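Undergrad: I'd like to ask you about the structure that follows.
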Amino acid sequence: MTSPTTFAKEALHKQLSWEQIDPDYLRQLVGLAKIEDLAGAGLAERPEQLGDITSALMPGTAIGKAQIVARQPLVACGLGMIPLVLQAYAEACHFAPSAKDGDAIEPGKVIGTIEGPATALLQAERILLNFLQHLSGIATETRFYTAALEASTTALLDTRKTLPGYRVLQKYAFACGGGFNHRIGLFDRFMLKDNHLALCGATGSRVEEAIAFAQKSESGIPIEVEVDRLEQIPPLLDLGVDVILLDNFSPEDLDSAVTMINGRAYTEASGGISLETLPHLCHLGLDFISTGSPVHQSTWKDIGLDWI
């Protein structure tokens with residue numbers, strides 16, 4: 001087997017860490033969530049009565065304390081959002097974690113404790129839980145997918161099928177579930193997909209020119225090309241692309257493609273990937289399998305806030 005490309009496999013699949021996420025980006029998301037709740041942001045006509053009219057009935061000086069509790073099995077994700085949410089409501093609020101992102105949590109387990117002005121905690125409660133429930137849902141679903149591949153050398157990749165504005169958080173949640181991040185955006189990989197190829201004339205000289213131009217750019221950015229038929233593979237091997245994306249191939253054709261490519265490029269299967277299909281793909285020798293399902297088909301996890 002020949003060497004694939006100048007890129008090590010580890011360079012093609014990385015996992016976002018919390019420290020790599022811009023805190024200003026996170027504070028903007030929290031700020032938007034807050035003004036949706038308190039000021040009707042998004043409505044063409046704002047209501048005359050704004051603010052938290054219910055919590056205004058509570059004693060203004062009361063101090064509260066509550067535990068964040070898992071109601072069902074889950075993989076925790078988004079704990080770093082909790083201090084940011086609390087600080088958006090009152091600087092005197094504090095969070096003490098009892099778990100960390102990526103932990104498998106059993107029902108009834110305390111994830112952490114929050115304390116501070118009771119009115120601020122009441123206002124922050126729903127926003128705080130929304131982030132946790134959504135991100136933990138993605139992390140939990142991803143864990144199922146990665147578990148299906150644990151006996152394989154194939155790495156699970158995410159996609160750009162994310163909710164606008166929440167991409168980095170959703171990709172971080174995917175990583176917390178054990179998956180790897182593919183492209184963060186259009187800027188970090190040359191990726192010729194079906195519509196690019198249609199514009200270039202499928203497999204004509206324009207494709208060759210596009211690949212040659214990317215190779216000459218000396219940008220240090222990998223080149224990936226999507227194919228949907230076996231006969232499209234040999235010309236790409238001669239052109240020296242880094243990754244060949246095998247889109248909607250049957251398991252039998254994927255097996256043939258891996259044999260044909262024979263290590264001259266990295267292989268990535270995509271399209272129709274599910275927990276049901278993974279057992280048929282995990283032993284084919286693929287380098288990567290990419291899917292957006294753990295993000296867009298995940299369900300929120302049941303997490304509650306219990307006052308103590």
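Undergrad: Give me the Å³ per residue figure for the convex hull around the C-alpha atoms of segment 55-106.
TA: Details: hull volume 5.1 nm³, N = 52.
Spelled out: Cα convex hull of segment 55-106, divided by residues, is 98 Å³.
Undergrad: Mean-square fluctuation check for the chain, GNM, Cα pairs under 10 Å: which of A44, A104, A33 is largest?
TA: A44
Undergrad: Also, quick follow-up: Report, in debye and to the nearest 20, how large the dipole of segment 81-222 comes out about its Cα centre when Lys and Arg carry +1 and Asp and Glu carry -1 on their Cβ. Show your work: numbers first, answer last.
TA: Details: 13 positive and 14 negative charges, 70 e Å.
Value, rounded to 20: 340 debye.
Undergrad: For segment 44-151, calculate the relative contact order in percent as a whole number, restricting contacts to Cα pairs under 8 Å that are 6 or more residues apart. Don't skip to the answer; put the middle values down first.
TA: Numbers: 162 pairs, mean separation 38.2, N = 108.
In percent, rounded to a whole number, it is 35.
Undergrad: Can you give the percent of C-alpha pairs in segment 177-298 whose distance is more than 26 Å? Intermediate values should be presented prior to the final figure.
TA: Numbers: 1484 of 7381 pairs.
Percent of Cα pairs beyond 26 Å in segment 177-298: 20.
Undergrad: Follow-up question, since we're still on this one. Please tell me the relative contact order of segment 187-308 in percent, rounded to the nearest whole number, where contacts are Cα pairs under 8 Å and at least six residues apart.
TA: On the way: 145 pairs, mean separation 22.2, N = 122.
Relative contact order here is 18 percent.
Undergrad: Mind checking which of Y89, G112, A99 is farthest towards the positive end of segment 1-146's charge dipole, using Cβ charges of +1 (Lys, Arg) and -1 (Asp, Glu) about the Cα centre?
TA: Most positive-ward Cα: A99.
Undergrad: Of all GluC sites (Glu not before Pro) in segment 161-232, which ones are in loop regions per DSSP and have a Cβ with at most 13 other Cβ atoms within 10 Å? Let's see the in-between values first.
TA: Numbers: sites: E208, E209, E218, E224, E226, E231; in loops: E218.
The qualifying sites are E218.
Undergrad: So what's Rg/Rh here for segment 1-89, counting alpha carbon atoms and using the Kirkwood radius for Rh? Please list the in-between numbers first.
TA: Numbers: Rg = 21.2 Å, Rh = 17.9 Å.
Here Rg/Rh amounts to 1.19.
Undergrad: For the chain, give the share of DSSP beta bridges that are antiparallel, in percent and rounded to the nearest 5; count only bridges with both residues there. Before the final figure, lay out the partial values.
TA: Details: 19 of 38 bridges.
Of those bridges, close to 50 percent are antiparallel.
Undergrad: Here's something else I'd like to know. For the chain, what does the relative contact order come out to in percent, with C-alpha contacts under 8 Å and a separation of six or more? If you can, show how the numbers build up before the last one.
TA: Numbers: 556 pairs, mean separation 72.5, N = 308.
Relative contact order, the chain: 24 percent.
Undergrad: I would also like to ask the following. What list do you get for M260, M81 if you sort them by fewest beta carbons within 10 Å? Before the final figure, lay out each step's value.
TA: On the way: M260 16, M81 23.
Ascending number of Cβ neighbours within 10 Å: M260, M81.
Undergrad: Go from 0 up to the bin containing the longest alpha carbon distance in the chain, width 10 Å each, and give me the % of pairs per bin.
TA: 6, 24, 27, 19, 13, 8, 2, 0
Undergrad: May I ask which residue of G31, Q232, S152 lies farthest towards the positive end of the charge dipole of the chain, with charges of +1 (Lys, Arg) and -1 (Asp, Glu) on Cβ and the Cα centre as origin?
TA: After comparing all options, I get G31.
Undergrad: With charges only on Cβ, +1 for K and R and -1 for D and E, what is the dipole size of segment 119-172 about its Cα centre, in debye, rounded to 20?
TA: Values: 6 positive and 4 negative charges, 45 e Å.
The dipole magnitude comes to about 220 debye.
Undergrad: I've got another one for you. Gain in length, E91 to H196, computed as 0.36 nm per residue apart minus the alpha-carbon separation, to one decimal in nm?
TA: Contour length minus Cα-Cα distance gives 32.8 nm.
Undergrad: Across 5 Å bins from 0, what is the distribution of all Cα-Cα pair distances for segment 213-285, in whole percents?
TA: Percent of pairs per bin, in order: 3, 15, 29, 22, 15, 9, 5, 2, 0.
Undergrad: Angle check, please: helix 23-39 long axis (alpha carbons) against the longest principal axis of the chain (alpha carbons), in degrees 0 to 90, nearest 10.
TA: 50
Undergrad: Same structure, new question: Take the cross-link list K34/K161; K14/K301; K171/K216; K171/K301 and give me the ones stretching past 19 Å between alpha-carbons.
TA: K34/K161; K14/K301; K171/K216, as the Cα separations exceed 19 Å there.
Undergrad: I'd like to know how segment 144-229 sits against the 2.2 N^0.38 Å rule of thumb: what's its Cα Rg over that expected value?
TA: Numbers: Rg = 15.7 Å, N = 86, 2.2 N^0.38 = 12.0 Å.
Normalised by 2.2 N^0.38 Å, the Cα Rg of segment 144-229 equals 1.32.
Undergrad: Still on this model: Name the residue from A214, L278, M260 whose Cα lies farthest towards the positive end of the charge dipole of segment 184-308, charges +1 on Cβ of Lys and Arg and -1 on Cβ of Asp and Glu.
TA: Of the candidates, A214 comes out farthest on the positive side.
Undergrad: Using DSSP to call loops (not H, G, I, E or B), can you name the GluC sites (Glu not before Pro) in segment 98-157 whose Cβ has at most 15 other Cβ atoms within 10 angstrom? Show your work: numbers first, answer last.
TA: On the way: sites: E115, E125, E141, E150; in loops: E150.
Qualifying residues, ordered by number: E150.
Undergrad: Given the -39500 (n - 2.57) contribution per DSSP H run of 4+ residues, what per-residue ellipticity at 222 nm results for the chain, rounded to the nearest 500 deg cm²/dmol?
TA: Details: 9 runs with 108 residues, N = 308.
One gets -11000 deg cm²/dmol as the mean residue ellipticity at 222 nm.
Undergrad: Separate question: Nothing charged except the Cβ atoms of Lys and Arg (+1) and of Asp and Glu (-1): what's the magnitude of the dipole of the chain about its Cα centre? Round to the nearest 20 debye. List each step's numbers first, then the result.
TA: Values: 23 positive and 38 negative charges, 109 e Å.
So the magnitude is around 520 debye.
Undergrad: If you bin the C-alpha pair distances of segment 53-209 every 5 Å from 0, what whole percents do you get?
TA: 2, 8, 14, 15, 14, 12, 10, 8, 5, 4, 3, 2, 1, 1, 0
Undergrad: What FRET efficiency would be calculated for the residue pair W307, Y25, taking the C-beta separation as r and a Förster radius of 35 Å, to the nearest 0.05? List each step's numbers first, then the result.
TA: Values: r = 31 Å, r/R0 = 0.89.
For W307 and Y25, the calculated efficiency is 0.65.
Here, each number is a calculation from the coordinates, and none is a lab measurement. Given the structure is predicted, the values throughout are model-derived calculations rather than measurements. Note that we place each Cβ from the backbone using ideal geometry, even for glycine, and neighbour counts take in every protein chain shown.
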